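Read the figures in this text as sums done on the coordinates, not as results from a lab. Note that this is a predicted model, so its numbers are computed, not measured.
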């Protein structure tokens with residue numbers, strides 16, 4: 001099973017990716033984790049990313065695409081994967097399509113989790129307090145949700161039009177949400 005898990009920050013993508021990873025016995029791959037791994041281990045891709053980060057710039061799509069392609073080519077992904085945090089824009093969708101074609105591994109589904117903005121804000125506020133996350137200020141949260149709505153949410157239509165979108169309400173009991181996703185995936 002090859003899945004994308006999509007939705008705004010705070011909707012529970014990481015939680016559901018971990019549960020789906022266990023259920024299907026495939027790796028859950030977070031682009032944030034890939035970046036941290038490459039940075040920590042001073043890989044060539046990590047060094048390239050660090051140069052942008054040091055300047056306070058976003059890592060360009062081309063480099064992000066290379067890092068994702070490198071990860072999807074690893075041995076542990078032969079039976080599938082769950083990709084969390086990618087693609088984030090239309091250019092990355094095109095890049096992902098190309099890499100999956102080159103790897104001979106078509107996408108099965110894009111799972112979209114959704115929740116009302118007030119629920120997301122409350123969840124992120126709670127996470128910031130519990131985890132001490134300095135990047136979860138009200139201003140930063142609002143900016144990320146705005147960016148998601150503008151750049152990433154429109155991608156759901158691409159996967160809907162391809163017949164690959166599975167939409168699930170991200171509010172409720174974690175286990176119930178997980179069971180609904182699995183049921184919809186068949």
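Helix content alone sets the calculated 222 nm mean residue ellipticity of the chain: runs of n ≥ 4 DSSP H residues at -39500 (n - 2.57) each, divided across all residues, give -17000 deg cm²/dmol. Using a 10 angstrom cutoff on alpha carbons, build the Gaussian network for the chain and name the most mobile of 75, 33, 61. Looking only at 75, 33, 61, the biggest GNM fluctuation is shown by 75. With the Kirkwood sum run over all distinct C-alpha pairs, segment 2-181 has a hydrodynamic radius of 17.1 Å. Evaluate segment 72-138: find the radius of gyration of its Cα atoms, find its Kirkwood radius, and give the ratio Rg to Rh. Rounded to two decimals, Rg/Rh equals 1.11.
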